[in-house]
1. At the nearest 100 Å², what buried accessible area, both sides summed, do you get for A and B when the probe is 1.4 Å?
2. Can you work out the FRET efficiency for the pair B:GLU37 and A:ALA417, with r the C-beta to C-beta distance and R0 = 41 Å, to the nearest 0.05?
3. Does anyone have the angle between helix A:92-107 and the longest principal axis of chain A? Alpha-carbon axes, 0 to 90°, nearest 10?
4. Each label point is 7 Å from the Cα along the Cα-to-Cβ direction; what then is the distance between the points at A:GLU304 and A:ARG75, in nm?
5. Name the residues of the stretch A:155-198 whose accessible area, probed at 1.4 Å, falls by at least 40 Å² once all protein chains are in place instead of their chain on its own?
6. Could you do me a favour and compute the accessible area per residue for the stretch A:68-402, 1.4 Å probe, result in Å²?
7. Pop a pseudo-label 7 angstrom from the Cα along the beta-carbon direction at both A:ASP286 and A:LEU144 and give the gap in nm to one decimal.
8. Determine, from the Cβ-Cβ distance of A:ARG198 and A:VAL359 and an R0 of 30 Å, the FRET efficiency 1/(1 + (r/R0)^6), rounded to the nearest 0.05.
Amino acid sequence: MTAPEDSSSRSSGQPPTGPADPRDGIATRTIRVENLTRVEGEGGLDIRLRDGQLDVVELRIFEPPRFFEAMLRGRPLEEAPDITARICGICPVAYQMSSVHAMEAALGITPGESIRLLRRLLYCGEWIESHALHVHLLHAPDFLGYDGSLEMARDFPDLVTRGLQIRKVGNRLLEILGGRAVHPINVAVGGFFQSPRRQPLTELIPELERALQLAIDATRWVAGFDFPDVDSAYDTVCLFHPDDYPLCEGRIETSDGVSITSDDFEALFVERQVPHSTAMQAIRSDTGETYLLGPLARINRCREQLLPTARRLADEIGWVTPCNNPFRMIIARSLEIVHAIEESLQIIRRYQPPKTPRVRFQPRAGSGSAATEAPRGLLYHRYTVNDAGEIEHANIIPPTSQNQSQIERDLRALLPAMLTESDTVVAERCEKLIRCYDPCISCSTHFLKVNLERG
Amino acid sequence: MADSRTSTGSCRVRLIGVGSPHGDDRAGWSVAERLAELDPQKKEEALPMGRGGVSIVSVATPIDLLEYLDGVEQLQVCDAFVGDGPAGRLYRWLWPEAAIEQTRFVGSHDISLAAALQLAESLGLLPAQVVVWGIDVGPSPCCVPPASADRFSTTLETGIRAAVQQIAAELSQWARHA
C-alpha cells in the first residue's frame with residue numbers, strides 16, 4: 001500500500017500566494033490551512049516564506065479558552081474529577097485519573113491494589129476507544145489515499161467496521177466501570193463510588209477476545225503501510241514504571257536520561273504563551289527544547305513493559321526501538337490497543353470487587369501533583385487545597401499543549417524538502433504530519449493565562 | 001455510548017440524544033433523559049419502550065450512534081446546534097437533507113453528525129427512516145457549565161420541552177400504526 005503524496009483533492013484551504021512584499025522587495029509566499037481536518041477541535045496552520053526561506057510556521061489554535069482552572073477555585077476537592085473530565089469529550093478518564101491521583105497526593109492517601117487495577121482497566125477502555133477511532137477513521141485514510149473515513153468506507157467497509165468493533169469494546173468498559181459510558185461518573189477521590197460487579201465484566205471477555213484478534217490484525221495492517229523516511233531525533237517524555245506499561249504510575253523520564261517525580265514537573269517543563277495560539281505551549285526548561293509525548297514516546301521507553309502478545313507482535317512486525325518517525329505513530333497506537341485489550345482481559349479474569357470501593361479521608365491543607373498517560377501523552381495536574389477541603393489552586397497541562405511546539409518543530413524540519421510543490425500539496429502533507437499526533441485542540445485550550453497591566 | 005438507565009436492547013425505533021455535559025450542548029441528552037422518564041402510567045404520555053418498541057440512548061459523539069443501529073427500523077436523533085436563534089427553536093429534518101450537513105451542531109468532536117450518518121449509510125447500517133431533531137441554541141451558546149446548577153436558559157428550556165412533546169407524540173403515533 002502506498003502513501004499518497006500528491007493527491008490534490010484535499011480539503012485544505014487554498015492559500016494566497018504573493019509574489020513580492022512591496023515594502024522591501026522580498027518575495028513572500030504564504031500557505032494557509034484554514035481549518036485542520038480530522039483532528040479534535042479547531043485549529044489551523046500558517047506557513048510563510050521570505051525569499052524562499054522558511055520564515056514562519058505557526059500551528060494556530062483559535063478555539064476559545066475555557067478557564068477550567070479558575071472554575072475549580074473554591075470548589076470542593078471531590079468535584080475535581082468530574083469538573084476536569086468535562087475538559088474533553090474524547091479522554092475524560094485521563095482527566096479523572098490525573099485529578100484523583102493529584103488529590104490523593106495532597107491528602108496523603110493511597111488506595112489499595114484492587115482500586116489501582118480498576119483504574120488501569122478504566123484507562124484501558126479509554127485508550128481502546130480513543131486509539132481505535134484515530135487509527136481506523138482519522139489516520140488510516142492518509143495512508144490509503146482517501147480524503148477521510150467516509151470515502152475509505154465506500155471501498156473498504158470491513159476495515160472501517162473493524163475499527164468500530166474494536167472501539168465498541170472500549171466503550172463497553174467505560175460504561176461498566178464508569179457508571180455510565182458518557183462522561184463516566186463513578187470515579188472518586190480515594191477510589192470509586194461503587195465497586196463494579198464482576199458479572200458484566202466477565203460477560204465482556206468473549207467480546208474482548210474477539211477485539212484482541214481484530215486489533216492484532218489491524219496492527220499487521222498498518223505496519224504494511226508505506227511511511228515517509230523521517231528521523232526526527234526526538235527528546236521523548238513519558239511515565240516509566242518497571243512493572244507496568246505506563247498509565248497511572250511511575251516516574252517521568254526523558255529519553256536523554258532525566259528522571260523526576262511529578263512534583264518536579266513544573267521545574268523541568270515550562271509553559272509559554274505564543275500570539276498565534278489560545279493554548280499554552282511547553283518546552284524543557286533545562287534545554288529550552290521541545291519534546292514529544294504520546295504512543296511513540298511510550299513504546300520507545302517501555303517496550304519491555306508491553307504485555308506478551310503486544311511485545312511479540314512488535315517483534316513480528318519488525319518494530320525498531322527507538323523509532324523517531326512521527327508517521328509510524330499509527331503503529332505505536334495500534335500496538336497500544338493490543339496491549340490495552342490484553343491488560344483488560346488479564347485484570348477482568350482475576351477481578352474480585354473490592355470490599356470497600358474507596359478510601360475515606362479527612363480534608364487537610366496540602367498540595368499534590370500527578371501525571372498519568374492520556375491516549376495522547378502525559379497529562380499533568382497539580383492542586384492546592386485548604387483545611388476545609390476547597391481547591392485554592394489548580395494547574396492542568398494537557399498533552400496537546402505540550403506537543404504543540406514539537407509539531408511546529410517537525411513541520412519546520414520537513415517543510416524545506418517540499419517547498420517546490422504546490423501550495424495545496426504542501427498544505428496537505430503538513431496536515432498529514434499534524435494528524436500523526438492525534439492532537440486534541442479542545443483539551444489544549446482549557447486555559448489561557450491573562451496578563452493584566454495596570455498603569 | 002449508552003446511558004445505563006435506558007434500554008439498549010432489541011428495538012424497532014431508536015432515539016439517540018447526542019451531546020455532552022457542556023452547557024447548552026446537553027440539550028440532546030436532556031431530551032433523551034426526559035423522554036425516558038415519561039410516566040408510563042399516563043396513557044397519553046406512555047411510550048412503547050423496550051423490545052420491539054422504542055429504545056433511548058445518549059451518546060457523547062455522533063460516531064457513537066453507529067453502535068446502536070442493529071435491527072433498528074427507524075432512527076431518531078436529537079442534537080443541539082449553533083444557529084441564528086432564537087434559542088430553543090426546534091427543527092425536524094428527514095435524512096438526507098442538505099440542512100443537516102450545513103448545520104453547525106454543537107461540539108467539534110472528530111466526526112460531525114452528518115458525517116456519522118453518511119458513514120453509517122456507507123456501511124449499510126442506516127435504517128430506511130432517519131429523523132434528525134435540531135435544537136437551536138443561538139449564536140453564542142453557553143459552552144461551560146455554571147459552577148452551581150446545570151440549568152438551561154428559559155428560552156432553551158422551552159425548546160427542550162417542545163422537543164420532548166413533539167418527539168413523544170411522533171413516537172406514540174408510530175406505535176399506534178405499527
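The values are calculated or read from the model by the stated rules, or taken from the named source; none is laboratory data. Because the structure is a prediction, the values reported are computed rather than measured. A quick note on method: Cβ atoms are made from the backbone with ideal geometry, for glycine too, and the neighbour counts reach across all protein chains shown. Heads up: the accessible areas ignore ligands, DNA and RNA and are worked out on the full protein's heavy atoms, side chains in. Shrake-Rupley method; radii C 1.70, N 1.55, O 1.52, S 1.80 Å.
1. Values: alone 18080 and 8880 Å², together 24260 Å².
Interface area, both chains combined: 2700 Å², rounded to the nearest 100.
2. Details: r = 60 Å, r/R0 = 1.46.
So the FRET efficiency works out to roughly 0.10.
3. Around 50 degrees separate the two axes.
4. Going by the 7 Å Cα→Cβ label model, 4.1 nm.
5. Hits at the 40 Å² cut-off: A:LEU164, A:ARG167, A:LYS168, A:ASN171, A:GLU175, A:ARG180, A:VAL182, A:HIS183.
6. Details: 11270 Å² over 335 residues.
It amounts to 34 Å² per residue over the stretch A:68-402.
7. 4.4 nm
8. Numbers: r = 21 Å, r/R0 = 0.70.
After rounding to 0.05, the efficiency reads 0.90.
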